[in-house]
1. Give the shape of the range 108-168 as rounded, prolate or oblate, defined through the alpha-carbon gyration tensor: a ≥ b ≥ c are the square roots of its eigenvalues, a/c under 1.5 means rounded, and otherwise the shape is prolate if a/b is larger than b/c and oblate if not.
2. Once you place label points 7 Å from the Cα toward the Cβ at GLN151 and SER65, how far apart are they in nm?
3. Based on the Cα gyration tensor of the range 152-219, what are the three equivalent ellipsoid semi-axes, each the root of five times an eigenvalue, rounded to whole Å and given largest first?
4. Run the quick spin-label model on THR197 and GLU72: label points 7 Å from Cα toward the beta carbon, then report their separation in nm to one decimal.
Amino acid sequence: MEAYRTEEEQVEALRRWWQENGRTTVVAVVVALGIGFGWQGWKHYNQERSEGASDLYQRMLQAYSVPALSGEQQEVAAQLAQQLKTEYEGSSYSQFAALQLASTAVIENDLSAAEGELRWVLARADVGGDIARITQVRLARVLAAQGQQEQALAILDEADAGPYQASYALARGDILSSMGREQQALEAYRAARSLATADGQINLRSLEQKLQALGSITAGGATDGSVAGEGD
């Protein structure tokens, strides 16, 4: 550092330094303070939004939990779900709300509306996340119910099932069975059974019934030649 011979030189040097750097320093300090306060404000804002979304989601669940919803109650529940989608679009709560709307649409046999809700979720859910994977299975089933079985199978084949491989295999079996492709459906059901321990969403009793039904069909449909061929 430069040595100053007199106090006046020090003051003059400080004045020159301030003229050259003071404004930049003040700006830097203000920005730093702004970032600090801004971060705290952002955290507070996010916490408030998260709490608001959670409260609204709980109200929606409560609205849908009524055993037999009247028309007015259904409208209130749907409005809460739509409010979640609109006001908290970037949150997981909004995606859960859309999944609820899709389930309701399926029950009402409005498959087009269900498809729209499921595609809305997929456009916002994290790729490879649990929500996206569950939504893909449901979308495949909705598409199959609309007669778009090949597109449904393509979704299941192209997606990364992750821990939901049994659910994907079961859905694939159901779709193949609806197409009359019993042998392929049987193979898919068997795969689902072998994977079922890692996927708690599988109804094993229902799966076993499907396996028994298809097993008898495929066995009864086998020709003498095919049986002989297996014996060879």
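Coordinate-derived values only; no laboratory data. Note that the structure is a prediction, hence the values are computed from the model and not measured. Quick reminder, even Gly has a Cβ in these numbers, built from the backbone with ideal geometry, and neighbours come from all protein chains shown.
1. Working: a/c = 2.05, a/b = 1.30, b/c = 1.58.
Judged from the Cα gyration tensor, the range 108-168 comes out oblate (a/c at least 1.5, b/c at or above a/b).
2. Going by the 7 Å Cα→Cβ label model, 3.7 nm.
3. Over the Cα atoms of the range 152-219, the ellipsoid semi-axes are 19, 15, 8 Å.
4. The answer from the label model is 5.4 nm.
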